[in-house]
Structure formats: structure tokens, C-alpha cells
Amino acid sequence: MSNIISAIINLAKNPKIELFRNGSSHNRANNMGEALEEYIKDLFANTVDVNDESIRNMEFSKTFSYLGNQNNPPDSMLRGGDAIEVKKIENRTSALALNSSYPKAKLFADSSMLKKECRECEIWNVKDMIYAVGIVNDNNLESLAFVYGEDYCANKETYESIKTTIKTGVETIQNVEFTETKELGHVKRVDPLGITYLRIRGMWGIENPFTVFSYVYKRNYENKFNFMCIINEKKFNTFKNTSELFKLEKKNKNLSIKDIQIKNPNNPAQLRKAKLITFELEE
């Protein structure tokens, strides 16, 4: 069963960072964001070098229980494992645009944002969320970060609270006709003819992991490629293939695993033990 450790091992053993290659569905991607999503799926399915689409699809079916779309989170879910959300950012300091979906420490099956197919793809109630954030430069991946939502963002109550407060406040405005909506507000009959409406939507964003975790990791901008992964100790200890990663670290000078402490997103005064896994390619 594939997991985040498997993806890191696949990256370190076969560090191909081109997002477009012959015979790959990457070439049919409409934009670099889609190409990055395909690349991340290849890392987890170990299909970076697989050009036969039928074989690639078979491996995807073994690896993933759900493959989503751009309009509904998540982008994919590992069979019996974590959910994955892929985000491309434009430059080294760009924030992540999450649009109407607030950051997720975990993914819950009862979320209204999920499609029916996602809820029913396997038996599950809650999944840990991996954020895979990449910076793309001329069809090549310049930097990549894997972080878990529970190490990266606050719990859902934090975001639900502010959303509810704003929504309640908006709906108390007098002399405005509202209709039921999952958004922050939907105003009907704005004009005298009653034919114009106004949608009030939340546009969420969050600083990228390289910025958030700069107190434990800084990229070497002279490198061709920089990879960072942070996994809290409790989660790290649940994986059964970490010994393979430690063995690979001894053989590969570009791969590093360090013990660190990270801030609890719900209370920064508390520190959590974690692993910092890095991989780099020099120019």
C-alpha cells in the first residue's frame, strides 16, 4: 500500500522532475497545475517512467481509491490511506489560493464539499490530508513540499467559526432579500426589476509551507531542485516502510532525515516532535 514514504523513496531513487515527457498524459494537461497533479500521482503510484497508459491506469487503480477534479477536494485519495491536495504556486513566496475551501487539517467524509463518489469510494470517516505544493519553472519542478494538514493549519472549528460569524453578520443586514446558500450570502432582487442577484463568496488562502516552516528549513536557491517533507512523529511512526527510507538515506547523500520540533497550529506555544525529510539536486 502506497504512502507518503513510498512517494519520497520513489523521488529519491528516480529524481526526474520534468512535468512533460513523451508518451505521458502529462502532455495532455491543460495547464501546469494539472501537469503537477499528474506528476504527484506518478510519485505515489511509482509510474514516473511508465509511458503505457493502460499500465499506468492499472497502477493508479491499485494506488488510489479516488481521483478527483479541480472543483471538489481532494485531488486524490490513497487506497486505505491519506487524502492528497496538490497546489502549484507561481514563485518562491506565493501563498496558496484555496478559493471557497478553507485549509483542512483533516478530511471528513461528511464534508459538504465532497462529491458522492468520494464519500463512497471506500469505507472511511476521516483521512489525514497531505498538501503537495510545487513551484514550476519552464516545465520543470523547482521546489516541492509535502506537509500534513494537521501540522500546517488549524482544526476545522477555527475556520468554521469565522465563516459562521461572517455569514450570520451578513444575513442580519436589513432591507436585503437573502436566499438559502452554502456560500456566505446570496442576495436576490438587487435591482428594481428583480432580475439581478449577488453571490457573496469566501476566498481562502494560506501561506505556502516553505514560508510557514522557514524556522526549520530554508531552501538552497542554487540547487536545481529542493524537496521538503515534514511529518509529525506520531504519524511517522504509523508507517511500516520507514526502515527502507533510513537505508536509502545512508546510500544517498542528497537525502536527509532530521529530528525537529514544529509549532502546534492550534497553539504555537506547544511544540511537536517531527521528522524533516529533505532531498536536493545540485545544478
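The values are calculated or read from the model by the stated rules, or taken from the named source; none is laboratory data. Source: prediction; values computed, not measured. Every residue, glycine as well, gets a Cβ built from its backbone with ideal geometry; the counts of neighbours run over all protein chains shown. Heavy atoms of the whole protein, side chains included, go into the accessibility calculation; ligands, DNA and RNA do not. Shrake-Rupley method; radii C 1.70, N 1.55, O 1.52, S 1.80 Å.
Of the listed values [x] 73, 34, 28; [y] 50, 43, 36; [z] 71, 48, 40, identify the label whose number matches Cα extents along the principal axes in Å calculated from this model. The value computed from this structure is option [z]. Of the chymotrypsin sites (Phe, Trp or Tyr not before Pro) in the range 198-230, the ones in a loop by DSSP (not H, G, I, E or B) with at most 12 other beta carbons within 10 Å are Tyr215, Tyr221. Among Asn31, Asn232, Asn264, the largest mean-square fluctuation in a Gaussian network model of the chain, built with springs joining Cα atoms closer than 10 Å, belongs to Asn31. Near Cys153, no amide H atom lies under 5 Å from its own; only residues 5 or more places off or on other chains count, and H is placed 1.01 Å from N.
Across the chain, the relative contact order, built from alpha-carbon pairs under 8 Å that are at least six residues apart, equals 16 percent.
For the range 147-283, the per residue solvent-accessible surface stands at 63 Å², with DNA, RNA and ligands left out and a 1.4 Å probe. Here the accessible area of the range 45-128 is 47 percent carbon and sulfur, with a 1.4 angstrom probe and all protein chains present. Under a Gaussian network description of the chain, with springs only between Cα atoms under 10 Å, the residue in Asn140, Asn237, Asn208 that fluctuates furthest is Asn237. For the pair Thr238 and Gln270, a Förster radius of 30 Å applied to the C-beta separation gives a FRET efficiency near 0.90, rounded to the nearest 0.05.
Per residue, the solvent-accessible area of the range 55-116 (1.4 Å probe, heavy atoms of protein chains only, all protein chains present) comes to 46 Å².
Hey, how many Å between the Cα centroid of the range 252-280 and the Cα centroid of the range 200-237? One Cα centre to the other: 10 Å.
On the range 158-283, 50 percent of the accessible area sits on carbon and sulfur atoms, based on a 1.4 Å probe. Largest mean-square fluctuation among Glu177, Glu85, Glu18, in a Gaussian network model of the chain whose springs join Cα atoms under 10 Å apart, belongs to Glu177.
Derived scalar couplings between HN and Hα for the range 211-221 equal 6, 4, 9, 5, 6, 10, 8, 10, 6, 9, 6 Hz in order, rounded to whole Hz, by the Karplus curve 6.51 cos²θ - 1.76 cosθ + 1.60 (θ = phi - 60°), x for Gly and Pro.
With 31 Å as the limit, write out which pairs from Lys163/Lys275; Lys247/Lys273; Lys16/Lys218; Lys116/Lys224 have Cα-Cα distances beyond it, or answer none. Check vs 31 Å cut-off fails for Lys163/Lys275; Lys116/Lys224.
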